[in-house]
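The structure under discussion appears below in the form of structure tokens.
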């Protein structure tokens with residue numbers, strides 16, 4: 001028969017084993033977007049669960065700094081880093097992950113504070129740079145929005161006025177981006193296509209750096225691309241101004257919006273331009 005002391009020790013060890021065998025608390029996975037600010041960004045990790053970091057700019061994978069005794073790098077690409085913790089930070093403890101960025105802009109490093117949360121774990125974090133504001137206008141103080149009188153005086157709107165054509169909504173099956181509230185404008189010597197781009201849940205807004213407007217038989221020369229806030233959260237209005245395309249190009253075009261290096265691009269088919277207005281007799 002076991003002595004009282006031995007029995008107490010067995011019960012203590014058995015209790016510890018049973019406690020260790022209890023299932024780990026359920027963590028709710030979350031996908032979210034963050035913007036680089038130069039300060040550490042929090043990332044919630046959990047043992048046995050991979051966290052994917054998807055960057056809008058290229059990264060220097062060989063320069064990633066993390067404690068290999070605590071965190072395993074399981075995937076590494078031009079814009080993607082996947083990590084899996086071998087253990088978890090204690091309450092109040094933060095581990096550091098540093099990812100060098102390769103686009104030559106500040107901040108040069110994305111730094112993350114890795115923490116454990118009792119009910120949540122980040123399975124995907126989309127990391128984007130803060131949108132750069134347009135440089136201040138050196139010739140006007142302050143810069144005022146163009147008004148109808150300025151538009152007519154500058155010749156931007158002539159006697160023939162501006163014709164419009166509503167554009168159909170479109171969903172890109174590959175990326176999940178939606179294009180809505182589209183309008184094509186046409187004046188005597190310019191065309192403007194405006195669309196609102198809505199990203200799928202958990203993905204950052206599209207930030208196009210360039211565009212093309214092409215048909216099966218021709219193209220319009222792009223003059224500029226402007227990005228403005230959309231009517232929905234995380235949506236953007238994209239306004240692409242072009243020269244008037246040659247008549248041989250027809251009226252049915254595809255608008256292609258170019259993303260930054262490594263960021264998504266989007267092609268919107270069936271962009272119908274208004275027909276050229278008949279000249280006045």
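Every number here is computed from the coordinates shown, using simple stated rules; none is lab data. In this text the structure is predicted, and so the values were computed from the model without any measurement. Glycine also receives a Cβ, built like all others from the backbone with ideal geometry; neighbour counts cover every protein chain displayed.
A full extension of the chain between residue 254 and residue 209 corresponds to an added length of 14.5 nm, given 0.36 nm per residue minus the alpha carbon distance.
Compactness check for the stretch 206-258: Cα Rg over 2.2 N^0.38 Å is 1.25. When only Cα pairs below 8 angstrom with a gap of at least 6 residues are kept, the stretch 156-258 shows a relative contact order of 24 percent. Between residue 47 and residue 96, the modelled labels are 2.5 nm apart [label points 7 Å from Cα along Cα→Cβ].
With a simple spin-label model that places each label point 7 Å from the Cα along the Cα-to-Cβ direction, the separation between residue 87 and residue 226 comes to 5.7 nm. By the count of other C-beta atoms within 10 Å, a proxy for reagent exposure, 51, 272 are ordered fewest to most as 272, 51. Once the chain from residue 65 to residue 130 is taken as fully extended at 0.36 nm per residue, the excess over their C-alpha distance is 21.1 nm. Residue order for 112, 170, 177, fewest other beta carbons within 10 angstrom first, comes to 170, 177, 112. For the stretch 25-128, the gyration tensor built on C-alpha atoms gives a prolate shape. Its axis ratio a/c (a ≥ b ≥ c) is at least 1.5, and a/b is the larger of a/b and b/c.
I'd like the FRET efficiency for residue 189 and residue 103, computed as 1/(1 + (r/R0)^6) with the beta carbon distance as r and R0 of 41 Å, rounded to 0.05. The calculated FRET efficiency here is 0.70. One chain, two ends: residue 237 and residue 111. Fully extended at 0.36 nm per residue, the span grows by 42.3 nm beyond their Cα-Cα distance. Between residue 37 and residue 72, the FRET efficiency estimated from the beta carbon spacing at R0 = 30 angstrom works out to 0.65. Coordinate range of the alpha-carbon atoms in the stretch 178-281 per principal axis, descending: 54, 25, 21 Å.
Counting other Cβ atoms within 10 Å as a rough exposure proxy, the listed residues 241, 26 run 26, 241 from fewest neighbours to most.
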